[in-house]
Amino acid sequence: MKRPFHSIYSHGFVRTAVCVPRVRVADPAYNAEQTIRLAEQASAASAALAVFPELGLSAYANDDLFHQDALLESVADAVSRVADASQDLTPVLAVGAPLRFDAALFNCAVVIYRGRILGIIPKSYLPNYAEFYEKRQFTRAAAALRKEARFRNATVPFGNDLIFETPSLKHFALHVELCEDLWVPVPPSTYAALGGACVLANLSASNSTIGKAAYRRGLCAMQSGKCVAAYLYAGAGAGESTTDLAWDGHGMIWENGRLLGETERFSTEEQMALADVDLELLAQNRMRLTSFHDTASDHADRVRALRRIPFDFDIPKGTIPLRRVVERFPYVPSDPATLDARCREACDIQVHGLMQRLRSAGIDRIVIGVSGGLDSTQALLAAARAMDKLGRPRKHILAWTMPGFATSDRTLENARTLMDALGVTAGEIDIRPAAMQTFRDIGHPFANDEPTYDVSFENVQAGARTSHLFRLANLHGGLVLGTGDLSELALGWTTYGVGDHMSHYNVNASVPKTLIRHLIRWAMASGAFDEPVADVLQSVLETEISPELVPPASGDANEPHQRTEEVVGPFDLQDFNLYYVTRYGFRPAKVAFLSHHAWGSAPEDRDEAEADGLSSRAYDLAEIKRWLGVFLYRFFKISQFKRSAMPNGPKVGSGGSLSPRGDWRAPSDSEAEAWMEALRRDVPDA
């Protein structure tokens, strides 16, 4: 990569700022100085864009003073002062000013960069109701007589149809509108977004009344979400006239419906909110949303009429760390209330999917293998809830634990206790005799007392378990319930065909390992199960993840010889990689950059993280690169053929599933070299 790895501008991010200066009514010189001061702060923070309030150089609440030549001439001088001061500043500036052209006065946003005025945008919709009467002073954009304006001895683009874009920063395409433009049924920014603008800015002077801030947030969230864009909103604040109105200085930065940054309302001082917008995330989402492009096609005449204003942007140099919350666990909400709701909904989806499958198949019994580990425990809990809701006895769940050559005492006890506590029909089959017969049949050395623990040794056991379950289902008229999770499917950590890869229906198929832990924790706290169940669930959570297919050399039945995460990597990291690779298609360097931001240092409160069931450890960049390489190779090169033949199961989370009939459709024989080469080339070892 030509740009430094540890800079946001190397990974598709752009730093943005909404600035709320303290103003003086009808004092453009003072307001220009306050604007410049905040612009300098935004520049020092390496921002690429700084947005200021509507009419910020004059103040909004001037009423008929807007018709005074002295004020308008002072505003023009203030614009020039800001433009001159921007010569050595990093960001593009969007400032508000009343400007007169062709004997008409317009409420304008002026876009400035490096001493140059790139364009002037007049307000499209002038409110003339309730406390507003802008038509008394201003002319709306549609009444403009020309598409260019003379200002500062130069001809500049003029209109509400301008998109500012630069070839040096991919996807940085900016459109600007003003206040009321957002509140109308079809904002101008809607057409701009359809035309490629990823960053939408609003210079506003929306006054404050009870409940208005919440409505304003909703408008910004919805516009950013519908337009799949960033939406920056800068509202007028301290210093505006309070003759009949009050102002709260509300500034917000939204990205595709997500709030990234917000100013403090009713502050008496100047303010600036900074946030790093992910332009590549927006572009990726737009690329996938076919309806977005269909809408653009439906409005092709309006979209094609948009004017592109190119400019050369100087990207800030050096190390620029990410200023953005990147959750360590993208599948697990950090807010407790949101997590509780997410777990409840995930369980409901699993349960109702299973209920419908039983109804449609005309089957009233479930057959399930219980290992005493995380995945089979969650599947068994879903089965118990499904039977409860169907009004059928839990005895219709036919659960078997099937110890093999490496089953630990702990997991076997977990399985026995859980089946007993849930009141299901419990059984136990020792698979070693069946496995030994297979070893003899195929001539495996283990049949001759030679301890050969190869892949055949492992898969014979996995196959024996699944074969028993299907034959038990045939015998009892049951449905084999799968237990494997999304993380294992991504990494190919399943035994294909007659192994744990196969079932009649799999409720865990789109649930990642990190979320399954919390679903079990939620089940413990929900009160849906009594104390004996909760006790064994805690033991399951504390059990190390292992396939338990190879016996420990020590002979200690409580010491697993195989540690899954030593082979496929920590599931905490691999779920992170899974989310950003499949949900957004990010290149390896960006995934590593985000991972290092999230996992490069331990959380501030380690004890709290551990209490919440979250990992408190940290990974250096070398470890992140290593395990990302494992993920990319296993995911793209060696595992797709299993996913192409996976059983049915409900899609649970918005993070997606890997079903070949749903979110993920890929060839079974693709290569991984493009990803591996990008990882080697673009991600440093430290």
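The values are calculated or read from the model by the stated rules, or taken from the named source; none is laboratory data. Source: prediction; values computed, not measured. FYI the Cβ positions are ideal-geometry reconstructions off the backbone, even for glycines, and counts take in every protein chain you see.
If we keep just the residues of the range 1-20 that are assigned to a loop (DSSP other than H, G, I, E, B) and touching an Asp or Glu at 6+ places or on another chain (Cβ under 6 Å), which is nearest to residue 45 (Cα to Cα)?
12
Picking from 139, 209, 155, which residue would you name as being in the same structural domain as residue 92 (by TED's automatic domain parsing) and modelled with pLDDT under 95?
209
So for the range 209-228 (the condition being surrounded by fewer than 21 Cβ atoms within 10 Å (Cβ to Cβ), on the phi > 0 side of the Ramachandran plot and in contact with a helix residue (DSSP H, G or I) (Cβ under 9 Å, 6 or more places away or on another chain)), does at least one residue qualify?
No, the range 209-228 contains no residue that is surrounded by fewer than 21 Cβ atoms within 10 Å (Cβ to Cβ), on the phi > 0 side of the Ramachandran plot and in contact with a helix residue (DSSP H, G or I) (Cβ under 9 Å, 6 or more places away or on another chain).
For the range 380-423, which residues satisfy the criterion of being more than 19 Å from residue 466 (Cα to Cα), in contact with a strand residue (DSSP E or B) (Cβ under 6 Å, 6 or more places away or on another chain) and outside any helix (DSSP H, G or I)?
Within the range 380-423, no residue meets the criteria.
Need the failing condition index for residue 403 against (1) exposed (fewer than 15 other Cβ atoms within 10 Å of the Cβ); (2) closer than 21 Å to residue 500 by Cα, just the number.
(1)
How about the range 455-509: which of its residues are farther than 13 Å from residue 379 by Cβ and not in a helix (DSSP H, G or I)?
477, 478, 492, 493, 494, 495, 496, 497, 498, 499, 501, 502
Yes/no matrix, rows are residues, columns are (1) within 25 Å of residue 356 (Cβ to Cβ); (2) surrounded by fewer than 23 Cβ atoms within 10 Å (Cβ to Cβ); (3) more than 25 Å from the chain's Cα centre (by Cα):
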| site | (1), (2), (3) |
| --- | --- |
| 472 | yes, yes, yes |
| 481 | yes, no, yes |
| 492 | no, yes, no |
| 502 | yes, no, yes |
| 512 | yes, no, no |
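Specify which of the listed residues (558, 577) is at pLDDT 95 or above and either surrounded by fewer than 21 Cβ atoms within 10 Å (Cβ to Cβ) or in a helix (DSSP H, G or I) (or both).
Being at pLDDT 95 or above and either surrounded by fewer than 21 Cβ atoms within 10 Å (Cβ to Cβ) or in a helix (DSSP H, G or I) (or both) holds for just one of 558, 577, which is 577.
If I filter the range 243-271 down to residues being assigned to a loop (DSSP other than H, G, I, E, B), surrounded by 22 or more Cβ atoms within 10 Å (Cβ to Cβ) and not hydroxyl-bearing (Ser, Thr, Tyr), which single residue comes out as farthest from the chain's Cα centre (by Cα)?
Residue satisfying both the conditions and the ranking: 247.
Show the residue pairs meeting these rules: Cβ distance below 7 Å; 6+ apart or different chains; first residue within the range 159-184 and over 22 Å from residue 100 (Cα atoms); second residue assigned to a loop (DSSP other than H, G, I, E, B) and hydroxyl-bearing (Ser, Thr, Tyr).
Sorted first by the residue in the range 159-184, then by its partner, the pairs are 172/166; 184/125.
So which of 78, 45 ends up being of a type in the set (A, V, I, L, M, F, W, C), under 35 Å from the mean Cα position of the chain (by Cα) and assigned by TED's automatic domain parsing to the domain that holds residue 34? Can you show your working first?
Details: 78 fails: under 35 Å from the mean Cα position of the chain (by Cα).
After ruling out the rest, the residue left standing is 45.
With touching a residue at least 60 places away in the same chain (Cβ under 8 Å) and crowded, with 22+ Cβ neighbours inside 10 Å as the only criterion, which of 485, 530 stands out?
485
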